[in-house]
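Okay, structure first, notes after.
The values are calculated or read from the model by the stated rules, or taken from the named source; none is laboratory data. None of these values were measured; they are calculated from a predicted model. Please note: Cβ atoms are built from the backbone with ideal geometry, for glycine as well, and neighbour counts cover all protein chains shown.
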Amino acid sequence: MIADKGYDSEGLRRYCDRFGMQPVIAQRTMHRKPLPGLPRLFDRPKYQQRNVIERLFSWLKEKRRLCTRFDKLASSFKAMVTLACIERCMRADFSDKP
């Protein structure tokens, strides 16, 4: 699980450990007392991949139909998100615009 500093809490880290997830969460600069034991590992390259997902969500929020969620059924909404992602991939790979 990759998350930003806002999700840096010991409770969330214990939850991830309990379910076998490896949390990649940047530590807050104003963190309280360091916990005893080994320091938490931080995978910086994996954390930087979070930017790709953040940009995708930002792009999806620009789509009016997805942002306001006109669809009543979850399956219809999921289909629209899928179509929007396909449209984005097609425009990125096969764009004839400079």
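Here are a few things to note about the model shown:
- If you go through the range 66-82 and keep only what is under 21 Å from the mean Cα position of the chain (by Cα) and surrounded by 13 or more Cβ atoms within 10 Å (Cβ to Cβ), you end up with Leu66, Phe77, Met80, Val81.
- Contact annotation: residue pairs with Cβ atoms under 7 Å, 6 or more positions apart or on different chains, pairing a residue in the range 42-62 that is without any contact (Cβ under 8 Å) to a residue 40 or more places away in the chain with a partner that is assigned to a helix (DSSP H, G or I) and hydrophobic (A, V, I, L, M, F, W, C), are Leu60/Leu66; Leu60/Val81; Leu60/Ala84; Lys61/Cys67.
- Cys85 meets all of the listed conditions (1) farther than 30 Å from Gly11 by Cβ; (2) assigned to a helix (DSSP H, G or I); (3) at pLDDT below 85 but one, namely (3).
- Here Pro36 does not qualify as over 23 Å from the mean Cα position of the chain (by Cα), modelled with pLDDT under 75 and farther than 24 Å from Glu10 by Cα.
- Restricting the first member to the range 10-26 and to residues that are outside the structural domain of Phe42 (by TED's automatic domain parsing) and polar (S, T, N, Q), and the second to residues that are modelled with pLDDT under 85 and not in a helix (DSSP H, G or I), no beta-carbon pair is closer than 7 Å while six or more apart or on different chains.
- Count of residues meeting criterion [loosely packed, with under 10 Cβ neighbours inside 10 Å and either at pLDDT 80 or above or closer than 22 Å to Ile53 by Cα (or both)] in the range 11-30: 4
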